[in-house]
Amino acid sequence: MASVAFVFTSPRHHLEMMAPVADELGKRGVACRLISLAELRGLDTPKDPRLRRVLPYNLRGKPAATGVAATVSTDGPRSWWRGKLAQAVVWQALSLRLRQLIAGADVVVVPNDTAYPYDKLLVEVHRRGARSVLMQEGIRFPPEKGYTGGWYGTGGATAICAWGEGSKDYFTACKVAERDIVVTGAPRLDELDPAAWTRAGAELLAKHRLGGAPLLYMSNPIETQGFGTKAQKLALFARLLADAAPLLRAQQVPVVVKNHPHEDPDDYVAVGRASPVADLVTVLPPSAPIFALLAAARAAIVLTSTVGLEALAFGLPIGVLEIPGFPFAFEYVQRGAAVPVYAGAVAAGVAELLAGASERRAAGQALLARHLHDRGRARHNVADLIEDLIERLLAGDRRNIA
């Protein structure tokens, strides 16, 4: 029987995009295993008999940054080399267990192909002649000119499942061969029904005693992506609250903060308490259900997060907070789908958001179509690709999928 191994570090968005594909392949008679490296990142693998843990316990005790940026330090070359040495030591402990868990798999599916430990895992996968698939994990930013590191998508995966034509543009800009890119859509959002979250959204508002539909502030660790420092990020939030305070106060608009799992909510609690609208700010834990929040919201503000696409899927007006010194990283603003909340004109941006930003709705739907292909059938598209790779492998075809 053909076999596929899915390897992930995030028990939320990674697992949520892989599990539907594994279910679909299972219906087609393909044996699938879901392998968790969550504990390596300070997260906990859910108690689910389908999941196989690589590590028996949590190595870090708290979430750690992921991706290429997780190996980058502002402490200089010495710290960078210490990080690389630590990774090499940990990999020696991981590799034997991982080899056992992926043994016999015809295809290994990963959410990242250049970040540790996926980069090392793919070397092992290809060494023994299996195929690999990269399932896009989030929105991608245009590659910087002159960058010499390993851009996402360039780690040698046999095939890349891109969410949409917008992502395909990113991969081709990174010099990925077009024959290796398949536009499949995002399986995590296949069955997203905003109306089904209305009740949960109302319950969330009542639970936290919010007087009305809030303005959502959807943060993420931009400092690990190279966009300034943590202190600068928190200063952006402080400025937002200060500059928009008269407007928020006049309309009595609650502000709800939803943090990324790799952020500390207490940082935002401190900023909120020091703001002129402390009584209007509520910071929720990272575990708060994102779709319930979106169903309850009036509008959303993001920095460089995929959640902007999800907010658009809920029909929300979105704004993107300017990060001084950097252009808007993703094309929310460039394609007219989001309100640019400039550092020097915060109140004007928030006013447009609270008014509904109705003139941007068409552009928002066009952006969704550009980045979320074939919604409702993405899991089938990814499963089709994996089956095709298995058939070619079993037939002795050592080429890629051209």
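The values are calculated or read from the model by the stated rules, or taken from the named source; none is laboratory data. The shown structure was predicted, so the numbers you read here are calculated from the model rather than taken from an experiment. Cβ: placed from backbone, ideal geometry, glycine included. Neighbour counts: every protein chain shown.
Among the residues of segment 177-198, which ones are part of a loop (DSSP other than H, G, I, E, B), at negative phi and in contact (Cβ under 8 Å) with a residue 24 or more places away in the chain?
Those that are part of a loop (DSSP other than H, G, I, E, B), at negative phi and in contact (Cβ under 8 Å) with a residue 24 or more places away in the chain: Ala177, Thr184, Ala186, Asp190, Glu191, Leu192.
Quick one: what pairs do we get from segment 96-119, first residue farther than 14 Å from Val4 by Cβ and without any contact (Cβ under 8 Å) to a residue 40 or more places away in the chain, second surrounded by 21 or more Cβ atoms within 10 Å (Cβ to Cβ) and among the charged types (D, E, K, R), C-beta under 8 Å, 6+ apart or different chains?
Once the first residue is farther than 14 Å from Val4 by Cβ and without any contact (Cβ under 8 Å) to a residue 40 or more places away in the chain and sits in segment 96-119, its partners that are surrounded by 21 or more Cβ atoms within 10 Å (Cβ to Cβ) and among the charged types (D, E, K, R) give Asp119/Asp113.
Could you say which residue among Val271, Val307 is outside the structural domain of Trp163 (by TED's automatic domain parsing) and in contact with a helix residue (DSSP H, G or I) (Cβ under 6 Å, 6 or more places away or on another chain)?
Unique residue meeting the criteria: Val271.
Please indicate, with yes or no, whether at least one residue in segment 138-155 is part of a helix (DSSP H, G or I) and either in contact (Cβ under 8 Å) with a residue 60 or more places away in the chain or surrounded by 19 or more Cβ atoms within 10 Å (Cβ to Cβ) (or both).
So far as segment 138-155 goes, no, none of its residues is part of a helix (DSSP H, G or I) and either in contact (Cβ under 8 Å) with a residue 60 or more places away in the chain or surrounded by 19 or more Cβ atoms within 10 Å (Cβ to Cβ) (or both).
Testing His208 on (1) assigned by TED's automatic domain parsing to the domain that holds Val281; (2) over 29 Å from Val269 (Cβ atoms), one condition comes back false. Which one is that?
(2)
Can you name the condition, by its number, that Ala295 falls short on among (1) more than 26 Å from Glu331 (Cβ to Cβ); (2) surrounded by 19 or more Cβ atoms within 10 Å (Cβ to Cβ); (3) touching a residue at least 40 places away in the same chain (Cβ under 8 Å)?
(1)
Would you call Arg179 among the basic types (Lys, Arg) and surrounded by fewer than 20 Cβ atoms within 10 Å (Cβ to Cβ)?
So Arg179 passes the test.
Could you please find all residues in segment 235-264 being farther than 17 Å from Ala348 by Cα, buried (at least 16 other Cβ atoms within 10 Å of the Cβ) and out of contact with any Pro (no Cβ under 6 Å at 6 or more places or on another chain)?
Residues satisfying the conditions are Val257, Lys258.
What tally of residues in segment 178-205 results from selecting those that are polar (S, T, N, Q) and in the same structural domain as Ile290 (by TED's automatic domain parsing)?
Number satisfying all stated conditions: 1.
Looking at Ala357, Ala338, Ala295, can you tell me which residue is within 27 Å of Pro265 (Cβ to Cβ), in contact with a Pro (Cβ under 7 Å, 6 or more places away or on another chain) and either among the small types (Gly, Ala, Ser) or outside the structural domain of Pro246 (by TED's automatic domain parsing) (or both)?
Just one listed residue meets the conditions, Ala295.
Which condition number does Phe171 fail, the rest of (1) farther than 30 Å from Ala299 by Cβ; (2) surrounded by 21 or more Cβ atoms within 10 Å (Cβ to Cβ); (3) in contact with a Pro (Cβ under 8 Å, 6 or more places away or on another chain) being met?
Status for Phe171: all satisfied but (3).
What number goes with the only condition from (1) at pLDDT 95 or above; (2) out of contact with any Ser or Thr (no Cβ under 7 Å at 6 or more places or on another chain); (3) not hydroxyl-bearing (Ser, Thr, Tyr) that Ala343 does not pass?
(1)
Assess whether Leu121 counts as being crowded, with 19+ Cβ neighbours inside 10 Å, aliphatic (A, V, I, L, M) and assigned to a helix (DSSP H, G or I).
So Leu121 passes the test.
Condition (residue is within 30 Å of Ala347 (Cα to Cα), of a type in the set (D, E, K, R), at pLDDT below 95 and not in a helix (DSSP H, G or I)) applied to segment 199-213: is it met by at least one residue?
yes
Got at least one residue in segment 223-231 being buried (at least 16 other Cβ atoms within 10 Å of the Cβ), at pLDDT 95 or above and not β-branched (Val, Ile, Thr)?
The answer is no; no qualifying residue exists.
Out of all the residues in segment 99-117, which are aliphatic (A, V, I, L, M) and under 19 Å from Gly156 (Cα atoms)?
The answer is Ile102, Ala105, Val107, Val108, Val109, Val110, Ala115.
Checking the conditions here, which among Gly349, Gly319 is under 19 Å from the mean Cα position of the chain (by Cα) and crowded, with 16+ Cβ neighbours inside 10 Å?
Result: Gly319 is the single residue among Gly349, Gly319 that is under 19 Å from the mean Cα position of the chain (by Cα) and crowded, with 16+ Cβ neighbours inside 10 Å.
Is it the case that segment 42-60 has a residue that's modelled with pLDDT under 75 and assigned by TED's automatic domain parsing to the domain that holds Leu385?
Within segment 42-60, one or more residues are modelled with pLDDT under 75 and assigned by TED's automatic domain parsing to the domain that holds Leu385.
Hey, which of the helices (runs of 4 or more DSSP H) in segment 303-398, taking only ones fully inside, have at least 3 residues that are under 22 Å from Val183 (Cβ atoms)?
Ranges flagged: 307-313, 361-371, 378-394.
For Glu39, state whether it is surrounded by 14 or more Cβ atoms within 10 Å (Cβ to Cβ) and modelled with pLDDT of 95 or more.
No, not satisfied.
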